[in-house]
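Here is the structure we will look at, set down as structure tokens.
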Amino acid sequence: MKQFQFEYTSIGKLKRELDKINQWRKSKVVSEVIFEFYAEDTERSQIELACEIIDKEVPDAIYLGCSSNGNIIEGGLSSSSIGVVCTLCEFPSTRAKLLHYVLTPDTVSDVVQDFKKQIAKNPWVKAVSMLVTIRGMSMSPFCDAFTDIDPEIKMFGGGAFNPDLNNDEACVFSKVRGYTSKGVVFLLLGGEDLHVMSTFITGWKPLGREFKVTKAEGCVLQELDGRPAYDAYYKYLNIPNNEHFFNNTLEFPFFYKHHGIDILRAPVSSDENGALTMTADIDTDVTARIAYGDPWTILESIQRDGRRVADFQPEVIKIFSCAARRTYWGDDEISKETFPFQSIAPTSGFYTSGEFLKSDGFLNQHNVTLVVAALREGPRDFNVHFEMQNEQFSGKVSMINRLATFIDAATMELEEANAKLEIMAMTDSLTGLLNRGEIQRRINDSLELYQKSGQIFSLIMFDIDNFKKVNDTFGHKEGDTVIVKLADIAQKMVRNFVPEGSVGRWGGEEFMVLLPNVDSERAVRVAEVIRTTFAAVDFPAAHHKTISMGVTEVQAEDSSDTLSVRVDGALYVAKENGRNQIKVL
């Protein structure tokens with residue numbers, strides 16, 4: 001692969017560069033000529049003029065491009081509004097094909113279905129580079145529709161953007177369809193000699209406690225832990241809800257797991273109700289943490305992943321980097337994280353409104369992320385060294401990094417302590433079973449579910465026959481041994497027969513079992529296993545002991561009190577009839 005990168009500053013400059021490319025081709029074997037344009041200037045006439053010149057000067061070339069929030073040329077932020085990248089494939093087996101569709105919420109299904117048909121017709125495809133307009137529409141249905149694409153096919157790309165972060169106007173264009181303000185262009189690449197790797201880099205580090213997303217719709221995050229989502233930024237970071245909200249929160253996106261990988265989502269704004277508009281959709285019922293962007297940690301991530309890319313020995317590198325990263329670093333510093341890749345191979349790309357990468361079979365939309373795609377024709381046959389400026393790494397960990405590590409450790413310790421307290425609050429200290437308050441709460445929940453959906457349940461109540469004699473004769477230590485053994489048996493038998501069941505210590509030597517979705521007939525069978533298993537135990541001092549058991553099934557007019565009274569009455573009947581037996585009421 002051979003690549004030419006240049007800034008398009010005038011028609012004359014473009015023609016001179018095209019002449020250089022044509023001169024180089026005269027003495028070489030070239031299978032494909034691919035031009036990619038990244039344009040901060042969204043003026044349609046300027047873009048179409050450049051495309052006309054390509055058509056005239058290099059008629060066998062294919063071209064594609066999009067509007068951007070900035071262009072990466074030779075690894076750094078370009079000073080020109082339009083960057084041009086020409087890739088020449090040198091192996092005869094390498095092939096390329098363009099697909100270009102109008103993309104709206106109504107056309108997503110048709111677009112993906114036709115794309116899949118094209119993939120089936122072209123089994124040589126190994127990679128798909130994608131440019132897409134995404135502002136104003138949810139990309140989740142689009143991404144989800146690619147799940148059944150061959151997992152061996154790499155997919156990566158970026159969302160077209162605008163130089164003005166607050167302007168939704170964007171475009172994609174190609175030789176196939178020209179200029180579209182709402183569309184997606186796929187560049188299919190493949191052939192037996194083409195090799196592709198892809199990865200993503202964040203460098204943002206999660207901080208502090210976890211939040212549960214309790215309410216979200218599309219890209220609007222409404223609630224965390226049942227409270228307005230904005231409260232997290234005000235309480236923990238003291239960020240006011242004003243016109244500077246986006247810039248103030250840029251360093252602190254949300255970090256969460258999606259399809260098994262780490263995803264970042266940045267808030268763009270907050271409304272008067274505390275709902276956050278995010279840069280992309282966020283799932284409900286996931287746990288998320290606020291992350292922090294530390295320059296040292298980001299560059300450390302670049303160094304680590306850059307070495308992996310270097311090991312692949314690519315001939316060209318494509319970078320799709322979030323516009324938020326450009327805003328975070330500023331134009332004077334942003335090239336620190338992209339220019340090192342130029343030491344591996346010619347590096348180009350643009351600043352996006354969202355980054356796309358297929359990982360483990362899922363096409364994911366990223367934010368505040370740098371997606372890297374590396375391509376090579378032929379085998380690895382040369383050594384590549386990945387270089388970063390020495391002053392970027394002094395061997396010291398930044399203060400922010402140390403502080404983040406401290407906060408993480410302290411948060412983990414606190415969460416572990418809270419988890420232990422939560423367990424202590426709902427369990428009996430002697431037996432480890434649920435305590436009376438927790439088993440009663442679960443009975444109440446089951447009763448409420450029964451009243452709503454009709455899902456039945458049964459209760460078993462039992463206690464140890466003549467237990468007072470055990471304590472009086474052999475002491476409380478032996479009494480505790482008998483109670484703990486009975487608790488273990490009950491817990492084991494219930495788990496074996498009704499895994500979703502619950503066992504609790506009701507008080508003293510008295511126990512309660514809740515069996516969801518179980519009628520009284522089946523509950524009697526479970527009770528009988530507990531009774532006979534316990535009766536077979538030979539204790540050191542007390543020897544064999546027995547239990548009496550009451551069983552009841554929920555009924556239409558039941559309340560929590562009537563249930564408890566009825567199962568207690570069944571136990572009383574078992575006692576009155578001679579003990580060591582089961583009665584049903």
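The values are calculated or read from the model by the stated rules, or taken from the named source; none is laboratory data. Given the structure is predicted, the values throughout are model-derived calculations rather than measurements. Please note: Cβ atoms are built from the backbone with ideal geometry, for glycine as well, and neighbour counts cover all protein chains shown.
Within segment 436-453, track down each residue that is under 22 Å from S548 (Cβ atoms) and surrounded by 19 or more Cβ atoms within 10 Å (Cβ to Cβ). Selection gives I439, I443.
Residues of segment 444-486 that are β-branched (V, I, T) and farther than 26 Å from E553 by Cα: V470, T473, T481, V482, V484. Taken together, N247, N273 contain a single residue that is modelled with pLDDT of 90 or more, polar (S, T, N, Q) and out of contact with any Leu (no Cβ under 8 Å at 6 or more places or on another chain), which is N273. Where strands (runs of 3 or more DSSP E) fall wholly inside segment 158-203, the ranges with 3 or more residues that are aliphatic (A, V, I, L, M) and assigned by TED's automatic domain parsing to the domain that holds V125 are 183-190, 194-201.
To keep it simple, each residue is scored yes or no on (1) on the phi > 0 side of the Ramachandran plot; (2) among the aromatic types (F, W, Y); (3) surrounded by 15 or more Cβ atoms within 10 Å (Cβ to Cβ).
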residue: F474; (1), (2), (3): no, yes, yes
residue: G479; (1), (2), (3): no, no, yes
residue: P499; (1), (2), (3): no, no, no
residue: S502; (1), (2), (3): no, no, yes
residue: G508; (1), (2), (3): yes, no, no
residue: V551; (1), (2), (3): no, no, yes
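With under 21 Å from P540 (Cβ atoms), surrounded by 15 or more Cβ atoms within 10 Å (Cβ to Cβ) and either aliphatic (A, V, I, L, M) or over 41 Å from the mean Cα position of the chain (by Cα) (or both) as the only criterion, which of I460, I456, I489 stands out?
Unique residue meeting the criteria: I489.
Among the small types (G, A, S), under 15 Å from D465 (Cα atoms) and in contact with a strand residue (DSSP E or B) (Cβ under 8 Å, 6 or more places away or on another chain), is that true of A490? It is false that A490 is among the small types (G, A, S), under 15 Å from D465 (Cα atoms) and in contact with a strand residue (DSSP E or B) (Cβ under 8 Å, 6 or more places away or on another chain). Return yes or no: is A570 in contact with a Gly (Cβ under 7 Å, 6 or more places away or on another chain) and touching a residue at least 12 places away in the same chain (Cβ under 8 Å)? Here the answer is yes, as A570 does meet what is asked. Within segment 1-22, restricting attention to residues that are without any contact (Cβ under 8 Å) to a residue 24 or more places away in the chain and assigned to a helix (DSSP H, G or I), the residue that is surrounded by the fewest Cβ atoms within 10 Å (Cβ to Cβ) is G12.
I'd like to check something: does segment 216-228 contain any residue that is at pLDDT 90 or above, in contact with a Pro (Cβ under 6 Å, 6 or more places away or on another chain) and either closer than 21 Å to M137 by Cβ or surrounded by fewer than 16 Cβ atoms within 10 Å (Cβ to Cβ) (or both)? There is no residue in segment 216-228 that is at pLDDT 90 or above, in contact with a Pro (Cβ under 6 Å, 6 or more places away or on another chain) and either closer than 21 Å to M137 by Cβ or surrounded by fewer than 16 Cβ atoms within 10 Å (Cβ to Cβ) (or both). Within segment 415-448, the set of residues being touching a residue at least 24 places away in the same chain (Cβ under 8 Å) and part of a helix (DSSP H, G or I) comprises E415, R436, E438, I439, Q440, R442, I443, N444, S446, L447. Every listed requirement among (1) outside the structural domain of G65 (by TED's automatic domain parsing); (2) at pLDDT below 90 is met by E300 save one, (1). If I ask for residues that are farther than 13 Å from A275 by Cβ, touching a strand residue (DSSP E or B) at 6+ places or on another chain (Cβ under 7 Å) and of a type outside the set (D, E, K, R), which ones from segment 237-261 would you list? Within segment 237-261, F246, T249, F252, P253, F254, F255, Y256, H258, H259, I261 qualify.
Conditions (1) closer than 29 Å to A280 by Cα; (2) at pLDDT 95 or above, marked per residue:
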{"position": "E315", "(1), (2)": "no, yes"}
{"position": "T352", "(1), (2)": "yes, yes"}
{"position": "F356", "(1), (2)": "yes, yes"}
{"position": "R380", "(1), (2)": "no, no"}
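With respect to (1) without any contact (Cβ under 8 Å) to a residue 60 or more places away in the chain; (2) more than 19 Å from D428 (Cβ to Cβ), the lone exception for N471 is condition (2).
Reported count of residues in segment 119-144, each being at pLDDT 95 or above and not in a helix (DSSP H, G or I), is 12.
How about segment 238-257: which of its residues are in a strand (DSSP E or B) and buried (at least 18 other Cβ atoms within 10 Å of the Cβ)?
The answer is F254, F255, Y256.
Among the residues of segment 285-308, is any among the hydroxyl-bearing types (S, T, Y), in contact (Cβ under 8 Å) with a residue 24 or more places away in the chain, over 15 Å from E355 (Cβ atoms) and in a strand (DSSP E or B)? The answer is yes, given that some residue of segment 285-308 is among the hydroxyl-bearing types (S, T, Y), in contact (Cβ under 8 Å) with a residue 24 or more places away in the chain, over 15 Å from E355 (Cβ atoms) and in a strand (DSSP E or B). Of the residues screened, I282 is not one that is outside the structural domain of V213 (by TED's automatic domain parsing), touching a Gly at 6+ places or on another chain (Cβ under 9 Å), of a type in the set (A, V, I, L, M) and crowded, with 21+ Cβ neighbours inside 10 Å.
Pairs are defined by a Cβ separation below 6 Å, a sequence spacing of at least 6 or placement on different chains, a first member in segment 217-234 that is in the same structural domain as T277 (by TED's automatic domain parsing), and a second member that is among the basic types (K, R); the pairs so defined are Q222/K215; E223/K215; D225/K212.
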